[in-house]
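Peer 1: The following block contains the structure, expressed as structure tokens.
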């Protein structure tokens with residue numbers, strides 16, 4: 001006997017409910033390092049770059065100095081390894097050319113910032129440039145490119161379309 005279309009639809013819905021994708025589900029968990037959630041399935045080398053202020057070169061330095069294999073998964077790290085990574089990143093003992101904030105304006109030191117500290121320092125630097133009315137500060141305040149890019153054909157997205165205005 002032939003089944004009607006409604007019966008076929010009901011069978012398909014029942015089949016979908018009965019077959020969950022159990023084989024395809026991989027238990028995904030997050031590891032928290034310096035208030036950033038890093039997927040446990042990532043390698044240490046690539047996973048550390050999810051932290052704001054940690055580049056590929058700094059991630060490589062962390063792996064080399066702490067003797068952690070770069071291909072090891074973040075989820076396989078022990079709590080001691082995670083604590084080692086956090087303490088190493090908080091007090092980075094690396095060359096000055098790898099640090100992200102060279103020659104601070106006030107103190108003249110070279111420091112490396114991570115996370116929200118990096119955002120704050122960057123924001124303060126831009127405010128200082130705007131306040132002293134330097135060329136870069138003026139470009140920032142007017143919404144134009146700061147680092148010498150050409151503006152003839154790009155950077156026209158701000159402000160909306162301009163054209164002929166009609167009288168009302």
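Bear in mind that the values in this text are calculations on the coordinates, not laboratory data. What you see is a predicted model; the values in this text were computed from it and never measured. Because the Cβ atoms are built from the backbone with ideal geometry, glycine has one as well, and the counts that use them run over all protein chains shown.
Peer 1: What FRET efficiency do you get for residue 126 and residue 96 if R0 is 35 Å and r is their Cβ-Cβ distance, rounded to the nearest 0.05?
Peer 2: After rounding, the FRET efficiency stands at 0.95.
Peer 1: Per 10 Å bin from zero, what fraction in whole % of the C-alpha pairs of region 97-142 is there, up to the bin with the longest pair?
Peer 2: Calculated P(r), rounded to whole percents: 26, 48, 25, 0.
Peer 1: Once you keep just the Cα pairs under 8 angstrom separated by 6 or more residues, what percentage relative contact order results for region 67-168?
Peer 2: 9
Peer 1: Rounded, prolate or oblate: which fits region 30-93 when a ≥ b ≥ c are the square roots of the eigenvalues of the alpha-carbon gyration tensor, with rounded for a/c under 1.5 and prolate only if a/b beats b/c? Working shown, then result.
Peer 2: Values: a/c = 1.24, a/b = 1.18, b/c = 1.05.
Rounded is the answer for region 30-93, as its axis ratio a/c remains below 1.5.
Peer 1: What percent does the relative contact order of region 96-140 come to when contacts are Cα pairs within less than 8 Å and at least six residues apart? Display every interim value, and only then the final one.
Peer 2: On the way: 33 pairs, mean separation 9.5, N = 45.
About 21 percent, as a whole number.
Peer 1: Right, something else. Give the relative contact order (percent, whole number) for region 30-93; include only Cα pairs under 8 Å separated by 6+ residues. List each step's numbers first, then the result.
Peer 2: Values: 72 pairs, mean separation 22.0, N = 64.
Relative contact order, region 30-93: 34 percent.
Peer 1: Sorted from fewest to most neighbouring beta carbons within 10 Å, what does the list 62, 164, 31, 138 look like?
Peer 2: Lowest count first: 164, 138, 31, 62.
Peer 1: Also: By its C-alpha gyration tensor, with a ≥ b ≥ c as the square roots of the eigenvalues, how is region 63-168 shaped: rounded for a/c under 1.5, else prolate for a/b larger than b/c, else oblate? Can you show the working numbers first?
Peer 2: Working: a/c = 3.39, a/b = 2.03, b/c = 1.67.
Prolate is the answer for region 63-168, as a/c is 1.5 or above and a/b outweighs b/c.
Peer 1: I've got another one for you. Would you mind computing, in nm to one decimal, how far apart the modelled labels at residue 103 and residue 66 are, each placed 7 Å from Cα along Cα→Cβ?
Peer 2: Placing both labels 7 Å beyond Cα along the Cβ direction yields 3.2 nm.
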